[in-house]
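Let me begin by presenting the structure, written as structure tokens, before commenting on it.
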Amino acid sequence: MQTYRELLEDATTTIYDVSDTPRIDAEYLLQHAIGRSMAWLISYGDTTATTEDTTAFFKLIAHRAKGKPVAYILGYRDFWTLRLNVNENVLIPRGDTEVLVEQALKRIDSSKELRLADLGTGSGAIALSLAKERPNCNVLAVDRYSAALNVARENAKLNCVNNVEFIESNWFDGLAGEDFSLIASNPPYIESKDPHLTKGDLRFEPDSALVSPRHGLGDLTTLIDGAPNFLIPEGWLLLEHGFEQANDVERLLVARGFTNIALYSDLNHLPRCTAAQWLK
């Protein structure tokens, strides 16, 4: 029989070639399998593991060894202050997107009742984070896929967020008559031939949330072109994009007439989020 610490070592070795963070992945999966915290594992890691715990743990490790993302194995991912359920119908929320949430919140007056939108909401990560932090505001969460919206609705209930509406729409198509103080989006922005799509977690995530035409700029262009028709004067547009797309995004924003354009870096210090204001 092995101790819990030995289980971790074996599992780390098993998934070493499929994960950039094998030890961390193994720790998350072990905590989930046995219903214990990391603090418990640190304190009692030399305890002999039960047969039930060992079996449950290595069942999860077998999925990870095939490349399945940890978030899909666990069924959730923590984002901002929320725990969000995720499945293969939605993109896995990433810490880099928290930069967009942070910058959006800086532009939302907490004392006002404003109308906000998250386009391409997926799991609801952006919409629910903004709604939770700004309870006076009303947030519209938009996605073209009903399966994704079902996940987002479920996450709203799980996190007790009541100031979000959900609508099935392809970007702006179903938003006639709406106007917003702020529109945020993490759209697809990866080129279809990008080699990263065949590696790591991206292999398991929906292409519809990742891939965009026109060298990855197709959906970003649609959002930039359409947003002024749905923004109030002095309203804001915030977009996540690829780190190599920052100059192209700025060029598109300037051409459309946006001002006060600002670029922000992600956790790896790569340009990831652009904010722009519509003054007309």
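Size descriptors for the stretch 127-280 (Cα atoms only): Rg and Dmax, in that order, 15.8, 43 Å. The equivalent ellipsoid that matches the C-alpha gyration tensor of the stretch 6-152 spans semi-axes of 36, 17, 12 angstrom, in descending order.
The separation of the stretch 1-31 from the stretch 165-224, counted between C-alpha centres, amounts to 34 Å. Taking 0.36 nm per residue of separation and subtracting the current Cα-Cα distance, fully stretching the chain between Asp194 and Met1 would add 65.0 nm. Please compute the modelled spin-label separation between Arg251 and Leu270, points set 7 Å along Cα→Cβ, answer in nm with one decimal. Rounded to a tenth, the inter-label distance reads 2.0 nm. Taking the chain as a Gaussian network of alpha-carbon nodes connected by springs under 10 Å, the highest mean-square fluctuation of the residues Asn85, Asn162, Asn268 belongs to Asn268. Taken over the chain, lysine pairs spaced eight or more positions apart, or on distinct chains, with alpha carbons under 20 Å apart number 6.
Computed over neighbours whose Cβ is under 15 Å from that of Thr222, the net charge equals -3, Lys and Arg +1, Asp and Glu -1. Look at the alpha carbon pairs under 8 Å that are at least 6 residues apart: their mean separation over the length of the stretch 91-278 gives a relative contact order of 21 percent.
Taking chymotrypsin sites (Phe, Trp or Tyr not before Pro) across the stretch 6-80, the ones in a DSSP loop with at most 14 further Cβ atoms lying within 10 angstrom of their Cβ are Tyr16. Taking label positions 7 Å along the Cα-Cβ direction at both Thr259 and His215, the computed distance is 2.9 nm, reported to one decimal.
Average projection, convex hull of the Cα set of the stretch 11-95: 6.0 square nanometres.
What is the sum of charges around Phe79, taking Lys and Arg as +1, Asp and Glu as -1, for the other residues whose C-beta is under 10 Å from the C-beta of Phe79? Summing Lys/Arg as +1 and Asp/Glu as -1 gives +1.
A convex hull fitted to the Cα coordinates of the chain yields 130 cubic angstrom per residue. Can you compute the FRET efficiency between Leu105 and Arg23 using 1/(1 + (r/R0)^6), with r the Cβ-Cβ distance and R0 = 41 Å? Round to the nearest 0.05. For Leu105 and Arg23, the calculated efficiency is 0.80. Note on the stretch 223-280: Rg/Rh from C-alpha atoms, Kirkwood Rh, equals 0.98.
Here, each number is a calculation from the coordinates, and none is a lab measurement. Predicted model, so just to flag it, every value in this text is computed and none were measured. Counting neighbours? That spans all protein chains shown, and the Cβs are built from the backbone with ideal geometry, glycine included.
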